[in-house]
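Encoded as structure tokens, the structure appears first; notes follow it.
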Amino acid sequence: MEFGETTEAAAVREAQEETGLSVALDGLLGAAEVPGVGEERYFIYDYGAHCVGARRSPIPGGDASEARFVPIDDLRGLDLVDGLEQWLIDHGVF
């Protein structure tokens, strides 16, 4: 997040930066606190969203090495960020 930015505005901006897609948020799916180094900690907010711009296919940008849509059932076969699969299970996605 940037200084003074809401979590919602950050989610919309990050979607654009990381996928090239313009989105509108559908609501908060869940949040998690992740320990960092020393006393640092990170707060992660995951939102549902849908495309609102002309582009409908994601392209990687920023620090994303790949961006694509996959069927939910295919997620378990992907190399996901550490802890993401368990988060999806805990929040009823799987």
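Taken together, the values in this text are just the output of simple stated rules run on the coordinates, not laboratory data. The model shown is predicted, which means the values in this text are computed figures rather than measured ones. Counting neighbours? That spans all protein chains shown, and the Cβs are built from the backbone with ideal geometry, glycine included.
A few points about this structure:
- Residues whose amide H falls under 5 Å from that of V23, counting only those 5 or more places apart or on a different chain, are V52, with hydrogens built in the peptide plane.
- J(HN,Hα) series, segment 78-85, from Karplus relation 6.51 cos²θ - 1.76 cosθ + 1.60, nearest Hz, glycine and proline x: 8, 7, 8, 4, 3, x, 5, 4
- Label assignment, mean projected area of the Cα convex hull in nm² derived from the structure, set [x] 7.0; [y] 10.1; [z] 9.0: [x]
- Residue ranges 32-43, 54-65 sort as 54-65, 32-43 when ordered by packing (mean number of other C-beta atoms within 10 Å per residue, highest first).
- Charge dipole (Cα centre; +1 on Lys/Arg Cβ, -1 on Asp/Glu Cβ; no other charges) of segment 7-69 amounts to roughly 380 debye.
- L80/S22 FRET efficiency (R0 35 Å; Cβ-Cβ; nearest 0.05): 0.90
- Seen from V93, the other residues with C-beta closer than 12 Å to its C-beta sum to a net charge of -3, counting Lys and Arg as +1 and Asp and Glu as -1.
- Take the Cα of E2, step 7 Å toward its Cβ, do the same at S57, and the gap between the two points is 2.9 nm.
- Other residues within the sphere of radius under 15 Å centred on the Cβ of G77, judged by their own Cβ, net out at -3 (K and R +1, D and E -1).
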